[in-house]
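The values are calculated or read from the model by the stated rules, or taken from the named source; none is laboratory data. Keep in mind it's a predicted model, so treat the numbers as computed, not measured. Neighbour counts are summed over all protein chains in view; Cβ atoms, including those assigned to glycine, are modelled from backbone coordinates with ideal geometry. Heads up: the accessible areas ignore ligands, DNA and RNA and are worked out on the full protein's heavy atoms, side chains in. Shrake-Rupley method; radii C 1.70, N 1.55, O 1.52, S 1.80 Å.
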Amino acid sequence: MEQFFLETPAEGFITITAQVRECVRRSRVRQGICQVFVPHTTAGVTINENADPDVVEDMLAALDRMVPELPYKHGEGNSPAHVKSSLIGCSVTVPVVDNDLYLGTWQGIYFCEFDGPRRRKVAIQVVGG
């Protein structure tokens with residue numbers, strides 16, 4: 001397993017495709033899978049379009065509409081971030097083919113920050129042969 005750290009903004013999506021791809025290359029796994037895991041309860045990871053930055057803005061706007069400010073009981077004031085993290089999820093799995101991520105032409109891997117700014121960790125596990 002490898003990990004790397006990010007300094008995140010207040011809220012937003014950060015492309016991490018290049019960092020994950022480099023972990024796959026260092027693993028020397030030719031055929032297998034790569035799991036990207038975010039060990040945080042107010043952040044997530046997703047795969048989406050990486051060509052048009054409007055997609056990220058639309059995703060954030062949609063999540064804000066789906067997760068309104070409510071009188072949450074959690075005392076830290078970051079309950080919406082916890083809900084968004086659960087909706088997005090904390091891991092993605094990508095096939096590895098020829099020692100590279102098998103992503104679609106327009107796909108990228110994004111770290112999703114819902115409670116920053118923070119120093120965040122991303123774990124990468126590559127398995128196969």
* To do: Enumerate by residue number the trypsin sites (Lys or Arg not before Pro) in segment 1-106 meeting two conditions: DSSP loop (anything except H, G, I, E, B), and at most 11 other Cβ atoms within 10 Å of the site's Cβ.
  => Arg28, Lys73
* If you average the sequence gap of Cα pairs under 8 Å that are 6 or more apart and divide by the length of the chain, what percent do you get for the contact order? -> 56 percent
* For the chain, find the longest principal axis of its Cα atoms and tell me its angle to the long axis of helix 79-88, 0 to 90°, nearest 10. => 30 degrees
* Once you charge only the Cβ atoms, +1 for Lys and Arg and -1 for Asp and Glu, what is the size of the charge dipole of the chain about its Cα centre, to the nearest 20 debye? -> 660 debye
* What does the accessible area of Met1 come to, in Å² to the nearest 10, when a probe of 1.4 Å is used? -> 150 Å²
* To do: Can you pull the one-decimal nm distance between simple spin-label points at Glu57 and Thr105, each 7 Å off the Cα toward Cβ?
  => 2.4 nm
* Asked: Within segment 72-115, which chymotrypsin sites (Phe, Trp or Tyr not before Pro) sit in a loop by DSSP and count at most 15 neighbouring Cβ atoms inside 10 Å?
  -> Tyr72, Tyr102, Trp106
* **By accessible area with a 1.4 Å probe, ligands and nucleic acids excluded, highest first: order of Asp100, Asp58, Asp52** => Asp58, Asp52, Asp100
* To do: Provide the solvent-accessible area of Asp115, counting protein heavy atoms only and rolling a 1.4 Å probe, rounded to the nearest 10 Å².
  => 30 Å²
* Structure fact -> Along the dipole axis of the chain (charges at Cβ: +1 for Lys and Arg, -1 for Asp and Glu; origin at the Cα centre), the most positive-end residue among Gly12, Leu63, Tyr110 is Tyr110
